[in-house]
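The values are calculated or read from the model by the stated rules, or taken from the named source; none is laboratory data. Everything numeric here is computed off the predicted structure, so don't read it as measured data. Virtual Cβ from ideal backbone geometry, glycine too; neighbours counted across all protein chains shown.
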């Protein structure tokens, strides 16, 4: 492979006191690729996810993002470099309108600040226009344009999840990390989610998603990584992984695979 | 902006009207209102924009006042430069205290700022050689333009200047709200983890806001010193701190007009109730409680349904 | 010998702080409320004792008991009207509400009692106990003695009685406690009553060693907070340790450095502690 990986994790491990949550995991995401991270509950997916996003430093291993060594870098550092993430418990800015929620997310693209706002400089006004454009685009992609005046905390659960995605999209990331985006979705919504992910991939964005919903994993992912008890036990295309006997063994008897 | 552009002219004229009355007493009250508004606006940056409760803010007001007064009286600094130095020193102190305290949140942050504020007050009280301790500084030179006959220790002259400065600071705060940093403040107030995940350096942004607030407090302190011409360590006391908080909370924290309204209410009600002695503070405290319980958004929320920042 | 003298004075003051702090930390632990008005109950306890003695002619001990009871009732009312309705609100709101209550009480006291300082004379305040070069007023010894007994009682109460265990449960898991049938509203009222009683008792005990003025509550609550935050919000043993450290440090620092800087010492200590251990010297909720 001549193209360097967008996200490269080698030997990532995490230890909490006596508990080894993640052990020696190698994971990579190429530009424009959709990678799924699956595994039974307690496999360490969320811990790994948080380490990749910068919310938690790894106990061992190294992490590169966009060719830069980002091991132990903070969440905002990763975000500044083009990584966006959603949270398992839906996370929005509750008191702000949907529009303001998404506008806030354009933070990393702006260079003008208070002085520009005071003088209303050319650069400032251009950036305000750009911010509007990005916000509009993100809301339309997430299907929330009609809700832009509503306050974040007043949205129903499903719309809040869409808002989360809209916020992530507004940062115009190179890599989007989704934490169980299909949780609580009915089949129709899940189908729309798969389409959205495919759309994003076609636009050149890379996506890494942690998911239990197998239809979404099968439909959206180019490659799947399987974690069990903190270790990587399989990797490959969705079809390969699903027919891998080790993977089947780890899932059977622990929980049913919902398709 | 349009709503404000329409209102600005009539409001401005309204504010200037008292000058025509020529009542020095009322004009003096209005000058105090304008200066307290500046102070309240500075506290609003921390309490309203950043969403952090601080109890040390009065200290920065005092630091600005003393710095400016001392620089002019002891070091012969020019009057137009000293207040800026007051602002800078207050901001620098704010940087040190903020750097040390802002990683800690919740009630511990409030206690820390309280502690720093109290220590600043104690130092001011006991460094008698420099600050003259509890006796304070008096005969502080006022701003003046002798050639034009302007003496800014007189209410009638100070009022337009104070109004002008208030207008400028209001515009500055408005610009802040619509700037990258201003939006970042709101984001980190609403959801710090999410703010970090969209690229906001929470600590540095908080520190920036804190320093801006303390510098502004210092500046208003300096203006206060050169207008009233007498200052004592009382400026840094808890009673000034409570007064500030009352202004911001009753007026409406997070908004721009709120602190100004709160300062107006405080200044005039305090005067109106002067004859009742200690009971006037009881009234204020009751108002504060009523506000907190029934009108958490402050007076401003009476006519505003939600704080709209931008329109698509 | 000066050292020992100051040490004992410091211990007496410290135990006074501990009594204030225990109430404060209980309210925080069980109700999750930072109560800025707590010091006002200290102040009112002292004033109530004063007026019970001067207006009603009661002896010191009966007056003290009356004051304590009165403040317990007042505490229940305060919770009912100022804090319970705001239960669901942001902690900022509750903090501001308690600040408002503190201002209200302090200034009402000034309006009603007058701003001039009062002196609370008790049978113990002038009598002294001498041991070598050390002179300690009996009042100070009373403070230490009563406070130690109370701490032990409170600790035992929380560990061993049903109400105490309900308080612990509510503190550790408010929703869980309610689900197991604990009447959390009653537990809250009880906790508040206990906390305010302790504060009032502290006021009645420590008041005679100095003078009374309406704003003494602000001073008291600040000391309380320094101790509570030092020891860890919610920890009684932390409050004990913190109070003693503060009392002794202030007494020693005050005599060896300067009386004027006495109060600043407390702030310097708390700043140092918070920067080193943001959650206090004890982990919150580790011990009760």
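Here is a check on your reading of the model: is residue B:128 under 20 Å from the mean Cα position of the chain (by Cα), closer than 26 Å to residue B:224 by Cα and surrounded by fewer than 19 Cβ atoms within 10 Å (Cβ to Cβ)? Judged against the criteria, residue B:128 is not a match.
Residues that are away from chain C (no Cβ under 14 Å), surrounded by fewer than 18 Cβ atoms within 10 Å (Cβ to Cβ) and assigned to a helix (DSSP H, G or I) do occur in the range B:173-186. Every condition in (1) over 25 Å from residue C:102 (Cα atoms); (2) buried (at least 20 other Cβ atoms within 10 Å of the Cβ) is met by residue C:162 except one, and the failing one is (2). Per this entry, residue B:263 is counted among residues that are over 30 Å from residue A:135 (Cβ atoms) and crowded, with 22+ Cβ neighbours inside 10 Å.
Per-residue answers, yes or no, for (1) touching a residue at least 12 places away in the same chain (Cβ under 8 Å); (2) closer than 24 Å to residue C:81 by Cβ:
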residue	(1), (2)
B:210	yes, no
B:230	yes, no
B:253	yes, yes
B:258	yes, no
B:273	no, yes
B:293	no, yes
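If you check C:136, C:143, C:148 for being more than 14 Å from chain B (Cβ to nearest Cβ), buried (at least 19 other Cβ atoms within 10 Å of the Cβ), closer than 30 Å to residue C:63 by Cα and touching a residue at least 12 places away in the same chain (Cβ under 8 Å), only one passes: C:143. Does residue A:83 satisfy being crowded, with 19+ Cβ neighbours inside 10 Å, touching a strand residue (DSSP E or B) at 6+ places or on another chain (Cβ under 9 Å), touching a residue at least 12 places away in the same chain (Cβ under 8 Å) and closer than 19 Å to residue B:205 by Cα? Against the criterion (crowded, with 19+ Cβ neighbours inside 10 Å, touching a strand residue (DSSP E or B) at 6+ places or on another chain (Cβ under 9 Å), touching a residue at least 12 places away in the same chain (Cβ under 8 Å) and closer than 19 Å to residue B:205 by Cα), residue A:83 does not qualify.
Scan the helices (runs of 4 or more DSSP H) fully inside the range B:69-148 and keep the ones with 3 or more residues being modelled with pLDDT of 90 or more and more than 14 Å from chain C (Cβ to nearest Cβ).
B:82-101
Put simply, of C:50, C:17 the only residue that is touching a residue at least 12 places away in the same chain (Cβ under 8 Å), assigned to a helix (DSSP H, G or I) and within 11 Å of the chain's Cα centre (by Cα) is C:17.
The residue that is farthest from the other protein chains (Cβ to nearest Cβ), counting only those in the range B:275-286 that are surrounded by 18 or more Cβ atoms within 10 Å (Cβ to Cβ) and closer than 21 Å to residue B:47 by Cα, is B:284.
Just to verify a result, which residue in the range C:17-37, among those that are farther than 23 Å from residue C:177 by Cβ and modelled with pLDDT of 90 or more, is nearest to the other protein chains (Cβ to nearest Cβ)? Ranking the candidates gives C:37 first.
Residue-wise test of (1) at pLDDT 95 or above; (2) more than 18 Å from the chain's Cα centre (by Cα); (3) closer than 30 Å to residue B:178 by Cβ; (4) more than 14 Å from chain C (Cβ to nearest Cβ).
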residue	(1), (2), (3), (4)
B:217	yes, no, yes, yes
B:233	no, no, no, no
B:236	no, no, no, no
B:245	no, no, yes, no
B:292	no, yes, yes, no
B:298	no, no, yes, no
B:302	no, yes, yes, yes
B:311	no, yes, yes, yes
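Restricting C:69, C:58 to residues that are surrounded by fewer than 19 Cβ atoms within 10 Å (Cβ to Cβ), within 21 Å of residue C:185 (Cα to Cα) and away from every other protein chain (no Cβ under 14 Å) narrows the list to C:69. Considering only residues in the range C:93-113 that are free of Cβ contacts under 8 Å to residues at least 12 places away in the same chain, more than 21 Å from residue B:110 (Cβ to Cβ) and surrounded by fewer than 19 Cβ atoms within 10 Å (Cβ to Cβ), the one that is nearest to the other protein chains (Cβ to nearest Cβ) turns out to be C:111.
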